[in-house]
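The values are calculated or read from the model by the stated rules, or taken from the named source; none is laboratory data. Fair warning: this is a prediction, and the values are worked out from it, not measured in the lab. Every residue, glycine among them, receives a Cβ derived from its backbone with ideal geometry; neighbour counts consider all protein chains shown.
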Amino acid sequence: MSNRVLVTGATGRIGGAVATQLLEMGVPTRAMVHRDDARSARLQTLGAEVVVADMFDIRQVQAAMDGVDRLYFNPPYHPHALDSAVAFAVAARRSGVEAVVALGQWLASPDHPALSTRQAWLTDKLFELLPDTAHIAVDPGFFADNYLQLVPMAAQLGLLPVPTGTGKNAPPSNEDIARVAVGALLDPHRHDGRTYRPTGPDLLSGADIAEAMGMALGRRVRHIDIPAWMFMRAVRVNAKQLGADLFFESSLRYYLREHALGTWEIGGPTTHVADVAGVEPEDFLTIARRYASGPDARRTAGNLIRRVRDFMLIGLVPMHRLDRFDRLQQHPQPDHPELSGRSAGWRNEHTEPVHA
C-alpha cells in the first residue's frame, strides 16, 4: 500500500498501536503528536513522519492533512472534542482524503448524560456526511486497559475493587482495537459505511477478570464490587498516574453505572477482530500478562507501601462536585438524558448484529 495515512493521537495507547502496526507493514505513516517526546522519537525511529500540531487549530490540522490519502481520527478526550472533529472534517474535504476511520464509542447516543458520549455520536454522523469519502466507525466498549490500570493494587493487595455489579464484558485490548482500525485503513472501500465493535472472545464477570489477573500475577486476586462513589474517590487519589481530569471523571461516573446495567453485554462478544484483521482477538489473560510485567506489579516493600497508602486515602479524599463542574463549563444537556443501557431505542439498535 502506497497511500499515506495520518494517525492522530499517535503517542496514545490506541493511536500509538495503530501507527506502530502500519509502520510494521511498511505503510507510509504521518504521526500527529501534541509534542516531541520519547514516544514520538520511537515512532520516528520506526519510520514515521512526525508532525507536532494542535488538533483544535484548523490551520495546523490542514497542514498535517495535506498530502494524506487516509485518516485515522482518534478524538481528544476533551470537552471541545467535537470542534476538533469539525476541523478534521473540513481539512479532509479540502484535501480530498479518500477514507476516514474514526474511533468512537459503543455507548454513543444523542441522549447520553456524558458529553463525550454525545459528541462521539455527533462525530460519527459528521464524518458520514463527507461526500466521496469512505467512512468506517470503530466503536469499542469498556477496554481491558481500564481494568488493568488496577494491576498495581491487585499485585500488592490481592484486590480488584471495581463496581461491575452483575454485568459482564468482553473487554478488547488496545492492540486489537488498533488491528481493526488498521484493517479498515488498508481496504477502506470494502469496509465503507460499516461500524465495527472489537471485543475480546468471552463475556467475563468481575470475578472472572480478577481470576485472570491473578493468574497473570501469580497470586490470588479477589474482586470487590465496591460502590461507584468509592471507585471515583480512588480515581481522584490516582488522578495524576491515570491522567484523569474532571472532564474524564464526569464521564466515568456514568460508564460505571452502564457496567452494572449490563450494557457491555449487549451485542457481545463480536467476531469483528477476526473479520477485519484476520486474527482471533486476545483473551483477557494474554492481555493481563503484558501489564503484569511492569515495574508497578513487582511485589516490593516500596510498591506495597504506596498501594496501602492509596487505599487508605480513598476514605479521606472528598468527591469532586461533578454536576457543578458541568454547569460551570456550560456543558449542554439533552432534555431527557438517559443511560444507553436504559434506552429502549439504543438497546434495539445495538441488539441487532453490528455490521461485519
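Candidates ARG342, ARG306: the one that is modelled with pLDDT of 90 or more and either basic (Lys, Arg) or farther than 27 Å from ASN169 by Cβ (or both) is ARG342.
Looking at region 228-237, can you tell me whether even one residue there is free of Cβ contacts under 8 Å to residues at least 40 places away in the same chain and more than 21 Å from SER343 (Cβ to Cβ)? Show your work before the answer.
From region 228-237, those free of Cβ contacts under 8 Å to residues at least 40 places away in the same chain are 235; that's our starting set.
After this cut, where a residue has to be more than 21 Å from SER343 (Cβ to Cβ) as well, the list is 235.
Yes: region 228-237 contains one or more residues that are free of Cβ contacts under 8 Å to residues at least 40 places away in the same chain and more than 21 Å from SER343 (Cβ to Cβ).
All but one of (1) under 23 Å from TRP229 (Cβ atoms); (2) outside the structural domain of HIS259 (by TED's automatic domain parsing) hold for ASP310; which doesn't? ASP310 satisfies every listed condition except (2). Could you tell me whether any residue of region 210-217 is within 28 Å of GLU349 (Cα to Cα) and surrounded by 16 or more Cβ atoms within 10 Å (Cβ to Cβ)? No, the conditions are met nowhere in region 210-217. May I ask you to verify whether ARG70 is more than 17 Å from the chain's Cα centre (by Cα), modelled with pLDDT of 95 or more and basic (Lys, Arg)? Here the answer is yes, as ARG70 does meet what is asked.
Screening VAL50 against (1) over 28 Å from ASP192 (Cβ atoms); (2) buried (at least 17 other Cβ atoms within 10 Å of the Cβ); (3) at pLDDT below 95 leaves a single unmet condition, (3). Is it true that ARG197 is touching a residue at least 12 places away in the same chain (Cβ under 8 Å) and either among the β-branched types (Val, Ile, Thr) or under 30 Å from ILE136 (Cα atoms) (or both)? Yes: the conditions hold for ARG197. Number of residues in region 228-250 that are part of a helix (DSSP H, G or I) and either of a type in the set (A, V, I, L, M, F, W, C) or surrounded by fewer than 17 Cβ atoms within 10 Å (Cβ to Cβ) (or both) equals 15. Taking the residues in region 185-235 that are among the aromatic types (Phe, Trp, Tyr) and modelled with pLDDT under 95 as candidates, determine which candidate is farthest from ASN169 (Cα to Cα). By that ranking, first place goes to TRP229. Filtering region 11-34 to residues that are of a type in the set (A, V, I, L, M, F, W, C) and within 16 Å of ALA63 (Cβ to Cβ) leaves ALA31, MET32, VAL33.
Checking ALA99, ALA41, ALA63 one by one, the residue that is in contact with a Pro (Cβ under 6 Å, 6 or more places away or on another chain) and either assigned by TED's automatic domain parsing to the domain that holds GLU128 or touching a residue at least 40 places away in the same chain (Cβ under 8 Å) (or both) is ALA99 and no other. The set of residues in region 57-75 that are within 23 Å of GLN21 (Cβ to Cβ) and surrounded by fewer than 18 Cβ atoms within 10 Å (Cβ to Cβ) contains only GLY67. Of everything listed in (1) farther than 20 Å from LEU285 by Cβ; (2) surrounded by fewer than 22 Cβ atoms within 10 Å (Cβ to Cβ), the single unmet condition for ARG197 is (2). Taking region 272-342 and the helices (runs of 4 or more DSSP H) fully enclosed by it, the elements with 1 or more residues that are among the β-branched types (Val, Ile, Thr), surrounded by 13 or more Cβ atoms within 10 Å (Cβ to Cβ) and touching a Leu at 6+ places or on another chain (Cβ under 9 Å) are at 284-291, 301-313.
Confirm whether ARG290 is without any contact (Cβ under 8 Å) to a residue 12 or more places away in the chain and within 30 Å of LEU186 (Cβ to Cβ). Here the answer is yes, as ARG290 does meet what is asked. Let me confirm something: among PRO161, PRO171, which residue is crowded, with 22+ Cβ neighbours inside 10 Å and touching a residue at least 60 places away in the same chain (Cβ under 8 Å)? Of PRO161, PRO171, the one residue that is crowded, with 22+ Cβ neighbours inside 10 Å and touching a residue at least 60 places away in the same chain (Cβ under 8 Å) is PRO171.
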